[in-house]
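Visitor: My structure is below; once you've seen it, I'll send some questions.
The values are calculated or read from the model by the stated rules, or taken from the named source; none is laboratory data. Fair warning: this is a prediction, and the values are worked out from it, not measured in the lab. Cβ placement follows ideal geometry from the backbone for every residue including glycine, while neighbour counts extend to all protein chains displayed.
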Amino acid sequence: MYRNLPGPRPGLVLAAVTVAQFVFALDMSVVNVALPAIRADLGFAPLDLSWVVHVYALTFGGLLLLGGRACDLYGRRRLLLLGLAVFGLCSLAGGLAQAPWQLVAARAGQGVGAAAAAPAALAMLTTTFAEGPRRVRALGVWSAANAAGGALGVLAGGLLTEYASWRWVMLVNLPVVATALALLPAGGPAGGLTRVPGAPGARPVRRTRPDVLGAVLATAGIGLLVFGVVRTDIRGWGSPATLGTLAAAVALLAAFAVTETRTAAPLLRLGLLRSRWVAGANVLVFLAAAGQFTAFYFVSLYLQQVLGLGAAATGLAFLPFSAGLVAGTVLATRVVAVRTPRAALVPGAVLAAAGLAWFALISPDGGFLTDVLGPSLVTSIGTGLVLAPVAAAATTGVAAREAGTASGLLNSSRQLGGCVGLAALATVAAHRTGGATDPAALNDGYATGLAVTAGLFVLAALVAMAVLPGRRPQTPHPLAPADDRLEGTRS
């Protein structure tokens, strides 16, 4: 016999984790527009400047799986509090940095904090709201905050850099983190699921030993994979350094998979991936993140380097994209509340692909109204239709005891998709320009990259149709044995 320990009001949980997710998404893009100002103020070498962006992706992506498992073992509220505190302190350190290494170290610390807190935030939602319309609505709000944070990061970065100082792209995190921390003591769960003492079948509670070897292999493997990918802007995909790094990453991840089948308390129970919901959602979020991150990158460069807009104007140009993401998320929430996530994912991916194909028609002589506004709205609404249901799909049928693991896996797939997609398509665009820097050549490169990005969403639509089930599985018991398979999810 089981019971839920007394917990907080669900609305406060939703408010706290939504604010937290917003700031993590904001930090993925808020720094990009400020890079020229950062270089001029702190004296970064040209080849070192990219580490301001890459080191955050490296620590965030590399530690997400570990963060997800840690919140299952040691408490979601505890990990969220700790992660937010680390993130906020490192944001303050970054805003006060006086040397390049100080800013890079602060960004690395932000990634560590986000890797602890992001999976805990999503896991708190999925364990607070039972599967059904209420969870779908909660995940819709969470997804809208995630999408809005990423899109508004460009706007905030441009405005803060131009009218205040680049330091405020770091310091702006502090009031947001403080708000999340203020909400969390009242909004964090008081406890989890437990067996009622004296009930039939009650057993002594044993503390689970952490999977240290699995944690080391997974973190090192994912970290090397991200490192190898993000450095292709300097070394190239075919260089011995890149190939060696990626080969080492694959070897470590293969060793991790073998280890997880032989340990009693794995970091990631591989049986979880037998679920078509979990496996399909992670492939989908990988493809969608690759498309979203790359679209932000190319459109931002097109606005600045081809159309000649300043940082603030570029940020303002992304407002329709932000509005479309929120609208798509709201629409997806309504669809998924009465149907399965696939019902929103397929049309959303097709719509995003159509918008990106329209974006690929950009012209060196174009303008915001003729080349950006229309495709921004179509792409963002489609992307919103994808991003909201994918979180619901990735947690469908997952037991509460594995909510953190599933959340960390989803966030890892999102980060890896963004890193790999951006690095690969930036190479495609650079190959197209052939080293030329005039607006016409740059335009051709960006258009080619956007066209390939459209293909990623077409592939996402095909995956959704082929992999995701047409109906929901029965919800497993929250404390079902770890080796139980999810009902209705096997192919």
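Visitor: Inspect all residues belonging to segment 132-155 and state whether any of them is of a type outside the set (D, E, K, R), surrounded by fewer than 19 Cβ atoms within 10 Å (Cβ to Cβ) and either closer than 30 Å to Gly328 by Cα or over 16 Å from the mean Cα position of the chain (by Cα) (or both).
Guide: Yes, there is a match, as at least one residue in segment 132-155 is of a type outside the set (D, E, K, R), surrounded by fewer than 19 Cβ atoms within 10 Å (Cβ to Cβ) and either closer than 30 Å to Gly328 by Cα or over 16 Å from the mean Cα position of the chain (by Cα) (or both).
Visitor: Can you pull out every residue in segment 245-273 that is within 15 Å of Gly223 (Cβ to Cβ) and of a type outside the set (Ser, Thr, Tyr)?
Guide: Leu246, Ala247, Ala248, Ala249, Val250, Ala251, Leu252, Leu253, Ala255, Phe256, Leu267
Visitor: Sort through Ser376, Ser363 and tell me the only one that's buried (at least 23 other Cβ atoms within 10 Å of the Cβ), over 28 Å from Arg69 (Cα atoms), modelled with pLDDT of 90 or more and of a type in the set (Ser, Thr, Tyr).
Guide: The conditions single out Ser376.
Visitor: Which one is nearest to Ala85 (Cα to Cα) among residues in segment 1-48 that are under 27 Å from the mean Cα position of the chain (by Cα) and modelled with pLDDT under 80?
Guide: Ranking the candidates gives Met28 first.
Visitor: Another question, if that's okay. What about Leu369, is it modelled with pLDDT of 85 or more, within 16 Å of the chain's Cα centre (by Cα) and among the hydrophobic types (A, V, I, L, M, F, W, C)?
Guide: no
Visitor: How many residues does segment 233-267 contain that are under 21 Å from the mean Cα position of the chain (by Cα) and assigned to a helix (DSSP H, G or I)?
Guide: 2
Visitor: Somewhere in segment 191-213, is a residue closer than 17 Å to Leu73 by Cα, surrounded by 12 or more Cβ atoms within 10 Å (Cβ to Cβ) and modelled with pLDDT of 80 or more?
Guide: Checking segment 191-213: at least one residue is closer than 17 Å to Leu73 by Cα, surrounded by 12 or more Cβ atoms within 10 Å (Cβ to Cβ) and modelled with pLDDT of 80 or more.
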